[in-house]
Each structure stands twice: as structure tokens, then as C-alpha cells.
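This report refers to the structure that appears directly beneath it.
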Amino acid sequence: MAQAVMARPKAPLIRHTKLLINNEWVEPADGGSFETYNPATGESIAEVAAASAKDVDRAVKAARRAVEEGPWSTMDAADRGRLMYRLADLIEREAAELAALESYNCGKTITDSKGDLEGVVNTLRYYAGWADKVEGRTIPVRGSFLSYTLRRPVGVIGQIIPWNFPLLMLAWKWGPALACGNTIVMKPAEQTPLTALRVGALAIEAGFPPGVVNLVNGFGETTGAAIVAHADVDKIAFTGHVDTAKIIQRQAAETLKRTTFELGGKSPNVIFADCDLDEAVAGAFHAIYFHGGQCCTAGSRLFVEQSIKDEFVERLAAKAVQRKLGDPLDPATEQGPQVSQEQLDKILGYVELGEKQGAKRVVGGDRFGDRGFYVEPTIFDDVKDDMAIARDEIFGPVVSVLPFRDLDEVVPRANDTKYGLAAAVWTKNIDKAHLFAEKVKAGTVWVNCYHVVDTNTPFGGFKMSGQGRENGEAALEHYSEIKTVTVKLGSS
Ligand code: NAI
Ligand code: MG
């Protein structure tokens, strides 16, 4: 593996660190702030304003005005779409700068950040197109009446996002919310606030009216909780840990808010002996190590048919030790650091637990380098289904290899988890592929591929991996209320 320490490309410019409320950059009422870091070095790179409940209230009031009275509420739907297209164009214009800032604050490789930026632009354009196509129906009711439905905005949406795809998660949440005419109070993750703030500035430049998008940085237990508790927020859209979602759901019950959740997983990636072995090895590698495993869909339970298991592990290990860890801003780097000390500690804790419970560490499992939060790509063999490393979301570059014999055996094992976000199967046999896709409990199933997620395909979880769907037309129903209007025709 290459050295972590090398000549750093120039640090990206940090332009915004305040709160964005009602199209103005404001200081927090209580003057709170927090540090944000470069995970490649562990160094603080900026002090960012932290929103208190007072600031959240200010943002919610601005969002309420915008959705009830402001120009946003009376604008033609097509014009709303044009604003979204304009924002997408501005993000595209700034894509190089935004990608560098994303890598600087989040630690993802510059290659991955550029890929994310394409996804951001595609998502905003996709939903911009929907803005004037959110339609109701006419319904043939009994009697002399005309009944039709209107799709109205839900109102003020509280959006709470994580650090692993800071801008992509913003786009997935802004896209359908704005297309349906809602307004937004968003809390970026405390680890990665910088790129969202830059996009906030671009939203002003694009011409979004005041109050439509508001950004309140801060921690979950304070800023996030204040959004969830606020009586005038109509809905919470959240991506993050399942335990955080439970807290949010309990607190949202007080005001009976609508909620949608996207909560990660422990996704089974199932390799049959009749697969294309070269593609399956490359696919399993990408499934777990993409973004250092900090991916809700990570293929962290690798089921390999017994007859090819040893060869498969050997080939995967040979690739793992070749992986180039280093500065995320260096285009040659294949894997950056984990996002934080907390994540580094969590992952190394699971490696220790895996060994203690009797799994065989084949490669990796140690911290890489002596600064920043790097973890070596790690493979555990001889993993049993009930070990912690096979059950818990590790959210790092750690894969558990689990041998199996046939389809009937592997399906119930793949489903034996509280999660159900994604699954994949590798085989050239179409019966096996379709039977697996039919029987596995997951919101997304890949056949002979992995991590293929596009803006127009519904994405979300079965079981404790979430509620509701993002992306595609499916997201729109979570951002609009159906109103039935019934008109008496003529006098009786
Ligand atoms: P988290 O769920 O605590 O944080 C996600 C977001 O929720 C952040 O913006 C955070 O500030 C906010 N938040 C936290 N507590 C809150 C509360 N009480 N009320 C309102 N908002 C709150 O996740 P964290 O701590 O960053 O990571 C822990 C683990 O969560 C990871 O190791 C991973 O297993 C999982 N995770 C899953 C993600 C996914 O894509 N599904 C993304 C990030 C983390
Ligand atoms: Mg947390």
C-alpha cells in the first residue's frame, strides 16, 4: 500500500460558515460554533456557526412564510422547475470547486466526489422536470358530482442528513421537496457542513425566493432535535443511523409529523459458483470498499458458494492489499480516510470483536498511517451468521465472508437481519438470479452489478432499513398531500 503522507494539493477555499436563513447569512442567536475537520489529517479547517433552537425557529418561520405567502407559493410550477434547473446549472459550473471541498471535508476521493457531483446535478434536473407534472386525478364518483384530487405541498420540511454523501443527500432531499412546492429547513451533518453552505449560496444566486431553502448547521442532539420538536415543521426526512431514527420517530410523535427514513443496512452480496468470476471479484471489492465502506448499501455480508470460496477470498485479498490509500485530493488515491475519529474507533472496535469471536482476519484491519482516520481494507473469513461483524452495520472497509451451498440455504440466511436496504446476486443462471431477486427482502436488488443507483429509480429500505422511498417518482408521494375536491353539478 502507498504512503498516506504526500504532497497535498492546494486546500480548497471555504467561503461560507454561517447559517443560511431567509436568504441571509446570519450569526447564531447564542453565538454557538463548532470545528469542522479534514479527515485526512485530523486538523480543524473551519469554525462553523451552530444553530440553537432559536435559530431553528427563525428558519422555520422563514420557511413557513415562503410556503404560505411568498412568491414561491404562487409561482407557476414550471417556473419552480426553471429555478431548479438554474441551480443545477450553477452547481455544474462550480462542480470542480465543490468536489474538492467535498473531498477536503468528508475525505472521499476526488474521483468519488466528482461522481457525486454528477449525481447531484442529475437529481436536481430530474426533479426540476417533475415540478409541473405533479398531477391529481378526476374520479368517477356516484351521483351528480365532480370529484378531483389536487397534490398540495406538505409544507415546511425538516431534512436531516449524514456525512457520507453530503451533497448527494442534499440533492436527493431538495429535489422532490422543491418539485412539490415545499420549503426546507436542512441540517447538514456536523462533520460535513461546508459544501451544503456553498450550494446555499448558489440557490440564492439562482434566484430562489427567501425562506425556500434554509441551512442550520449543528449537532443532532441540539439543532436536529430542535427541528424535530418544532410544532410548525410538517415533516422530517432523515438519513442516518437506525437508533437516531427511533429517537426521531418518538419525538415526531408529539406533533404527529410525517417521517421518512433511510437507515443503512447489512446487505448480502451473494456469489454463485456459476458467476463470471473476474466480474464478481471486482464487483464484491467495489461493493464493500467503495468510499471506504461508508455507504448504506455496502456489500458487507459476502456469501460465497463453498466450492469457489477459497479462490474468491484469495483473489479479493490480492486486490485489497493493492488498494491505494492516500490524500483524497490526489486523483491517484483509491481510498480516503474514514470521516472521523469516532468512525475510526468504531471500525477498529469491530475488527477486535471479530477476532475475539473467532473469525479469521485474512488481510487489513489496522489503522493505516499515523495521521488522519485511515483503515486498511479488511477481510474476515470463517465468519458465522451470529457474529457481531456479520450482524451490525460497521460502516467501514470490513467484509465478512460467509460460505453457502445453494439458493435454498442462502436466501433465509441473507434475510436473517433486521435490515433490508440492498442485496446483490452474481450468477449466469437466470432462474437463480430472478428467484433470488424475488425472495430477498431488500429495497434494491442488483444482478451481476453493485451500487448502481440512479436518480430515477426508487431507493429505500425494507424492515429497519427505512420507511418510504427516495429518488424516482416514488419520492413525490412523500412530499405532497392529496386533497380531494368534490363539486355538486347542477341543482338537485
Ligand atoms: P447519526 O444518525 O447520529 O447522524 C445522522 C444525522 O442525524 C446527522 O446530521 C446528525 O447530526 C443527526 N442527528 C443525530 N442525532 C440526532 C437527534 N437526536 N435528533 C435529530 N438529528 C440527529 O449517525 P452518525 O452518528 O453520524 O453515524 C453513526 C452510524 O450511523 C454510522 O457508523 C453508520 O453505521 C450509520 N450511518 C448510516 C448512514 C446511512 O447512509 N444510512 C449515514 C451515516 C451514518
Ligand atoms: Mg450519531
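Computed on the Cα atoms alone, the convex hull of the chain gives a volume of 151 cubic angstrom per residue.
Which percent of the accessible heavy-atom area of the chain goes to carbon and sulfur, probe 1.4 angstrom? Result for the chain: 50 percent of the exposed heavy-atom area is carbon or sulfur.
When DSSP beta bridges are restricted to pairs lying wholly in segment 302-429, around 35% turn out antiparallel.
Which is farthest toward the positive dipole end of the chain among 25, 201, 233, measuring Cα position about the Cα centre, with Cβ charges +1 (Lys, Arg) and -1 (Asp, Glu)? The Cα lying farthest towards the positive end belongs to 233. Computed over segment 31-80, the quotient of the alpha carbon radius of gyration and 2.2 N^0.38 Å is 1.81. The dipole here belongs to segment 255-328: it is taken about the Cα centre, uses +1 on the Cβ of Lys and Arg and -1 on the Cβ of Asp and Glu, and is about 580 debye.
Helix-derived [θ] at 222 nm for the chain: sum -39500 (n - 2.57) over DSSP H runs of at least 4, divide by residue count, nearest 500?
For the chain, the value works out to -11500 deg cm²/dmol.
Reported to the nearest whole Å, the Cα centre-to-centre distance from segment 37-94 to segment 268-344 is 35.
Shown here for segment 74-168: GluC sites (Glu not before Pro) in loop regions (DSSP other than H, G, I, E, B) with at most 10 other Cβ atoms within 10 Å, namely 135.
Taking max minus min of the alpha-carbon positions on each principal axis, segment 74-210 gives extents of 64, 27, 25 Å, largest first. Annotation: the antiparallel percentage among DSSP beta bridges lying fully within the chain is about 45.
Compactness check for segment 433-478: Cα Rg over 2.2 N^0.38 Å is 1.20. The long axis of helix 110-130 is offset from the longest Cα principal axis of the chain by roughly 30 degrees. A dipole drawn for the chain from +1 and -1 charges on Cβ atoms has a positive end, and of 466, 369, 383 the residue lying farthest that way is 466. Within segment 14-75, none of the chymotrypsin sites (Phe, Trp or Tyr not before Pro) combine a DSSP coil assignment with at most 14 other C-beta atoms in a 10 angstrom radius. Between the helical axis of 95-106 and the longest alpha-carbon principal axis of the chain there is an angle of about 60 degrees. Here segment 1-144 is assigned +1 on the Cβ of each Lys and Arg and -1 on the Cβ of each Asp and Glu. Its dipole about the Cα centre then comes out at about 400 debye.
Debye-formula intensities of segment 206-278, expressed as log10 I(q)/I(0) at q = 0.17, 0.21, 0.25 Å⁻¹, are -0.72, -0.97, -1.20 (one equal scatterer per alpha-carbon, no solvent). Net charge dipole, the chain: roughly 1380 debye, given to the nearest 20, about the Cα centre with Cβ charges of +1 for Lys and Arg and -1 for Asp and Glu.
Packing, taken as the mean count of other beta carbons within 10 Å per residue, orders the peptides 396-402, 54-60, 239-245 from highest to lowest as 396-402, 54-60, 239-245.
At q = 0.13 Å⁻¹ the log10 of I(q)/I(0) for segment 293-367 amounts to -0.51, computed by Debye summation with a single uniform scatterer per C-alpha, solvent ignored. Taking the Cα atoms only, what angle lies between the long axis of helix 430-439 and the longest principal axis of the chain, rounded to 10 degrees? Approximately 60 degrees, to the nearest ten.
Rounded to the nearest angstrom and listed largest first, the equivalent-ellipsoid semi-axes of segment 389-479 from its Cα gyration tensor are 24, 17, 12. Diagonalising the gyration tensor over the Cα atoms of segment 1-119 and scaling each eigenvalue by 5 before taking the square root yields semi-axes of 33, 22, 9 Å, largest first. Think of the chain as having a plus end and a minus end, set by charges on the Cβ of Lys, Arg, Asp and Glu; of 168, 404, 210, 210 sits farthest toward the positive end of this dipole. Taking all protein chains together, 438, 334 sort by accessible area into 438, 334, largest first [probe 1.4 Å].
The values are calculated or read from the model by the stated rules, or taken from the named source; none is laboratory data. What you see is a predicted model; the values in this text were computed from it and never measured. Glycine gets a Cβ as well: all are built from the backbone with ideal geometry, and neighbour counts include every protein chain shown. The accessibility values were calculated without ligands, DNA or RNA, using every heavy atom of the protein model including side chains. Shrake-Rupley method; radii C 1.70, N 1.55, O 1.52, S 1.80 Å.
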